[in-house]
Amino acid sequence: MAFFLGCLFSTWIGNRIGWAISRNLLYTSSWAVCAVVCFVWGIGVAYALRLFILATHPGLLLKIFGYGAGAYISVPNYGLLAESAIPDYEMTRHVFIKGVPMLLYIAASVVLAFSISAV
């Protein structure tokens, strides 16, 4: 139960933090800053989820729920902007922000699941 409630709370907080990062850094900064923040965000979400799983020891269904919640959080700009409102010259950055953290989250989750067994 604690894992489920923690995931729900983390999803809400993660979404708000992701929106703030997107508005203040990802769309307004240089490509280098955007790339570093996206890398840190995707891997950081995977690491935080792994630590939460190790701390609470949820069952299989709750782990699946947790990984889904982590996937939702890993896209920092999810629901922030309507894709039709994004100018063509910003679409490459938008797709990068939408895709790279998610791919890194998935890759880091797989690696962490097999490498970190206890804290």
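Data for the structure
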| quantity | calculated |
| --- | --- |
| Subset of segment 15-33 [within 13 Å of the chain's Cα centre (by Cα) and open to solvent by 90 Å² or more (accessible area, probe 1.4 Å)] | Arg16 |
| Residue within segment 47-58 that is open to solvent by 60 Å² or more (accessible area, probe 1.4 Å), more than 16 Å from the chain's Cα centre (by Cα), under 23 Å from Ser115 (Cβ atoms) and not charged (D, E, K, R) present | yes |
| Single unsatisfied condition, Val36 versus (1) touching a residue at least 12 places away in the same chain (Cβ under 8 Å); (2) within 19 Å of the chain's Cα centre (by Cα) | (1) |
| Residue that is nearest to Ile64 (Cα to Cα), among those in segment 1-14 that are open to solvent by 40 Å² or more (accessible area, probe 1.4 Å), at pLDDT 90 or above and not β-branched (Val, Ile, Thr) | Phe4 |
| Pair list, Cβ < 7 Å and 6+ apart or interchain, from segment 4-26 residues that are hydroxyl-bearing (Ser, Thr, Tyr) to residues that are surrounded by 14 or more Cβ atoms within 10 Å (Cβ to Cβ) and not in a helix (DSSP H, G or I) | Ser22/Pro76; Ser22/Asn77; Ser22/Leu80 |
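The values are calculated or read from the model by the stated rules, or taken from the named source; none is laboratory data. All figures in this text were calculated on a predicted structure; none of them were measured in a lab. Please note: Cβ atoms are built from the backbone with ideal geometry, for glycine as well, and neighbour counts cover all protein chains shown. For accessibility, only protein heavy atoms count, side chains too; no ligands or nucleic acids. Shrake-Rupley method; radii C 1.70, N 1.55, O 1.52, S 1.80 Å.
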